[in-house]
Structures are given as structure tokens and as C-alpha cells.
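Accompanying notes for the structure given below.
The values are calculated or read from the model by the stated rules, or taken from the named source; none is laboratory data. Predicted model only: the values in this text are computed from it and were never measured. Every residue, glycine among them, receives a Cβ derived from its backbone with ideal geometry; neighbour counts consider all protein chains shown. For accessibility, only protein heavy atoms count, side chains too; no ligands or nucleic acids. Shrake-Rupley method; radii C 1.70, N 1.55, O 1.52, S 1.80 Å.
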Amino acid sequence: QVQLVESGGGLVQPGGSLGLSCAASGSIFSIYGMGWSRQAPGKQRELVASITSGGNTNYADSVKGRFTISRDNAKRTVSLQMNSLKPEDTAVYFCYAVIIRRDSMTPRDYWGQGTQVTVSS
């Protein structure tokens, strides 16, 4: 079994910063890409940032220059540092990872349970 557990999130004022972290655990053989998506009320889920196992990153235009994604392959974690937060960043943030389990050589997407980020004064 594989689990992704997120931490961080909460309430922050506009212009503030917040960090999210996500740890993968379980019967893992290898982790490929990792990243973060978000879903605001009444909107579709959107990809915020992604990072390959080699460290190549990709960001949504709406967060470029404000968010930074990083990962620690040894600890199997992915983090998202969010700066200059805006009210429109309010959403539930989900981490994901493309994982190969020890009992299967087929890569699968796994998702965390989601963590709320609210940007409001």
C-alpha cells in the first residue's frame, strides 16, 4: 500500500507565505514525477507545479515567480513554498506522485488527501 500524507496549509493574509509538504510511504520501488494541484470551490482542479525525479520543474503561469517546488528523493517528499499569496490562491491543495510499487512494475498516480489554503485578511 502507498500513501501520500500532506502537512502545512492554513490561513494566511494576502502577501504572506506558506509552505506545504507531502511525504510518500509504503511499498515503493521508485517515484517518478511529483507535484501539486489545487481545486477552488466551483472550479476544476488545476496543476500548480510539478518536478521530475531529476529536478526539472514546471509551474502554472498563475504562480510563476511566487511558488517554488522542491523534492527530497531520499526522504520521498515534495514541498511547495508559496510566497506573495493572493486571495485567488485559496483552494484545497493536493500532492501527487507517479509511483511504481514493489509488487508491480506499472507506474500509477497517487494522491494525497488535500490540505486547505485560505488567503484572506
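Quick notes on this one:
- Of all residue pairs spaced 6 or more apart or on separate chains, those with beta-carbon atoms under 6 Å, a first member in the stretch 49-66 that is part of a loop (DSSP other than H, G, I, E, B) and surrounded by 14 or more Cβ atoms within 10 Å (Cβ to Cβ) and a second member that is modelled with pLDDT of 95 or more and of a type in the set (Val, Ile, Thr) are 60/48; 63/48.
- Among (1) closer than 12 Å to residue 90 by Cβ; (2) under 18 Å from the mean Cα position of the chain (by Cα), the one test that residue 14 misses: (2)
- Checking each residue in the stretch 34-48 for being surrounded by fewer than 19 Cβ atoms within 10 Å (Cβ to Cβ) and either hydroxyl-bearing (Ser, Thr, Tyr) or within 13 Å of the chain's Cα centre (by Cα) (or both) picks out 39, 45, 46, 47.
- Index of the failed condition, residue 78 passing every other in (1) without any contact (Cβ under 8 Å) to a residue 60 or more places away in the chain; (2) touching a Phe, Trp or Tyr at 6+ places or on another chain (Cβ under 8 Å); (3) open to solvent by 20 Å² or more (accessible area, probe 1.4 Å); (4) assigned to a strand (DSSP E or B): (3)
- Which listed residue, of 14, 107, is more than 22 Å from residue 2 (Cβ to Cβ), open to solvent by 50 Å² or more (accessible area, probe 1.4 Å) and out of contact with any Gly (no Cβ under 8 Å at 6 or more places or on another chain): 14
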